[in-house]
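A short worksheet on the structure shown next.
The values are calculated or read from the model by the stated rules, or taken from the named source; none is laboratory data. Every value quoted in this text rests on a predicted model; they were computed, and no experiment measured them. Here the Cβ positions follow ideal geometry from the backbone for every residue, glycine too, while neighbour counts run over all protein chains shown. Just the protein is used for accessible areas: all its heavy atoms, side chains included, with ligands, DNA and RNA removed. Shrake-Rupley method; radii C 1.70, N 1.55, O 1.52, S 1.80 Å.
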Amino acid sequence: MTKHVQYLTDCMIATMAHGQPDYGLIPNGTILVKEGRITWAGPTDACPVDLDALTGRSLEGRLVSPALIDCHTHIVFGGHRAQEFEQRQKGASYEEISRSGGGIQSTVRATCSSSFESLVDSALARLDSLLKEGVAVVEVKSGYGLSIEDEIRMLRVARHLEAVRPVRIHTTWLAAHAVPSSYTDRPDAYIDDIVIPGLIQAHAAGLVDSVDGFCERIAFSSDQIERVFEVARSLDLPVRLHAEQLSNSGGAQLAAKYSALSADHLEHLTDADAASLAKAGTVAVLLPGAYHMLRETVCPPVETLRAHGVDMAVATDCNPGTSPLCSILTAMNMACIDFSLTPEEALAGTTRNAARALGLSGQYGEIVEGAVADLAVWNVSHPAELPYWIGNGLLSERITCQD
């Protein structure tokens, strides 16, 4: 991890700048940095300053891109659900597993019974896997506490990760993730008793960057989520939403109504939904890990999203139940193979568009003037190799020029 450099040269730069074709590639490039921000990036022979007067180094012809962003994760949780995976592979249905005490409620029990320290340790193992692949920004959701105390504790764990690793954490309040067993058949009461007052408390403690919910027939209705979003709006917090994953439940239209940063999953999105997301400027976050693990057969309508000009991000959705995926590069590969994204769309989905999905446009995800100088250097000859190789240890180094 390099700091305090003023220039990087002898590199191929994938700027991923908005509106620039072919990855915004600059061969034989140089990047100038001042006080942790990029001040210039372009061909070395057009560099506006004398590099001999600055402190920096050669990248020896390597590819450099913006550091990657995982804009949808649930990496703070206790335990695992490998036994349930084994049960499913032996023929058990999700309903059978849930009736026997499995499913999300088993993760809730494991999370609530885990110490703060053990939650940090287990989250760090997953976070370190992401950092080894050039990730600099990670969104982390609550949602496995389902009580005010435990939801807030999850966010405190997430915030602590920034203190022990070189990463920016974006925290998301997701208490509207599932209905706890103590509120069975009383989801409205859970919203009133836990989700809304807990959000207000977590916001007052400075722990919330955005608000999310699971809008689905097995979780919460659009009317119930809208009540949470109204409170988020009153607190001046942006929203995002798990929407249209298993059915069309009105989530995308709700996300558009509230100008959500992102709508995530979207397998059952309609043409009208895509048009609404485009008008609202909401990013579509695609999560191929969950699609793969659940053996889904309905893909997000990528052609429809393209046709309406909806920006697409890609994320791991790392979680113990439906996407135990800690590799952003594998998520990019899956997005290409399973959802037919191009390699350039996949890289934009983990850089520029992922930054938009977190409200960080202009700061992360592009190598442009004014952006944070947080970069990934790769042992590849072309950016298409990043989603092409699987499990190949492509990262040479991550460079952060911040103090």
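Probing with 1.4 Å while keeping every protein chain in the model, the per residue accessible area of the chain equals 39 Å². Taking θ as phi - 60° and the Karplus parameters 6.51, -1.76 and 1.60, the scalar couplings of the stretch 232-246 work out to 4, 4, 5, 8, 6, 9, x, 10, 9, 7, 6, 9, 6, 6, 9 Hz in sequence order, x denoting glycine and proline.
Of the beta bridges in the stretch 112-257, as assigned by DSSP with both residues counted there, near 0 percent are antiparallel. Whole angstrom only: what separates the Cα centroid of the stretch 37-72 from the Cα centroid of the stretch 127-168? That distance is 29 Å. Karplus-based coupling profile of the stretch 116-130, in residue order and whole Hz: 4, 5, 6, 5, 4, 4, 5, 5, 5, 4, 6, 4, 4, 4, 5, with θ = phi - 60° in 6.51 cos²θ - 1.76 cosθ + 1.60 and x standing for Gly or Pro.
Using 0.36 nm times the number of residues separating VAL298 and SER58, minus their current alpha carbon distance, what extension gain do you get?
Numbers: separation 240, 0.36 × 240 = 86.40 nm, distance 4.64 nm.
Contour length minus Cα-Cα distance gives 81.8 nm.
Extension gain for ASN379-VAL49 works out to 116.0 nm (0.36 nm per residue, less the C-alpha to C-alpha distance). Among residues other than ARG352 with Cβ under 11 Å from its Cβ, the summed charge is -3 (Lys and Arg +1, Asp and Glu -1).
With a sphere of radius 13 Å drawn around the Cβ of GLU60, what net charge do the other residues whose Cβ falls strictly inside it have (Lys, Arg +1; Asp, Glu -1)? Walk me through the intermediate numbers first.
Details: positive: ARG57, ARG62; negative: ASP10, GLU397.
With Lys, Arg at +1 and Asp, Glu at -1, the neighbours total 0.
Note on the stretch 133-239: the C-alpha convex hull projects to 7.1 nm² when averaged across all orientations. P(r) tail, the stretch 270-403: Cα-Cα pairs separated by more than 18 Å, 58% of all pairs. Entry note, the chain: relative contact order of 21 percent, from Cα contacts under 8 Å with a spacing of 6+ residues. Each residue of the stretch 344-360 was assigned a 3J(HN,Hα) from its phi angle through the Karplus expression (A = 6.51, B = -1.76, C = 1.60, θ = phi - 60°), giving 5, 5, 5, 6, 4, x, 10, 10, 4, 6, 5, 4, 4, 5, 10, x, 10 Hz with x at Gly and Pro.
How high is the FRET efficiency between ALA163 and ALA272 when r is their beta carbon distance and R₀ equals 45 Å, given to the nearest 0.05?
0.50
Summarising the strand pairing of the chain, around 40 percent of its internal DSSP beta bridges are antiparallel. For VAL283, nonlocal amide neighbours, meaning residues 5 or more places apart or on other chains whose placed amide H falls under 5 Å from its own, are SER262, ALA263. With the simple spin-label model, which puts each label point 7 Å out from Cα in the Cβ direction, the LEU25 to ARG306 separation comes to 1.9 nm.
Amide H contacts of VAL211: TRP173, VAL239, ARG240, each under 5 Å away and 5 or more positions distant or on a separate chain (H built 1.01 Å from N in the peptide plane; Pro and chain starts excluded).
For the stretch 190-256, run through the chymotrypsin sites (Phe, Trp or Tyr not before Pro) and keep only the ones in DSSP coil with at most 11 other Cβ atoms within 10 Å of their Cβ. Walk me through the intermediate numbers first.
Details: sites: TYR190, PHE214, PHE220, PHE229; in loops: none.
Sparse-neighbourhood loop chymotrypsin sites (Phe, Trp or Tyr not before Pro): none present.
Full extension of the chain between GLU35 and THR342 yields a length gain of 107.0 nm, computed as 0.36 nm times the residue separation minus the alpha carbon distance. Scanning residues 5 or more positions from ARG168 or on other chains, those with amide H under 5 Å from its amide H are VAL137, VAL138, with H placed 1.01 Å from N in the peptide plane.
On the chain, 49 percent of the accessible area sits on carbon and sulfur atoms, based on a 1.4 Å probe. Take the convex hull of the alpha carbons in the chain; its mean projected area over all directions comes to 18.6 nm².
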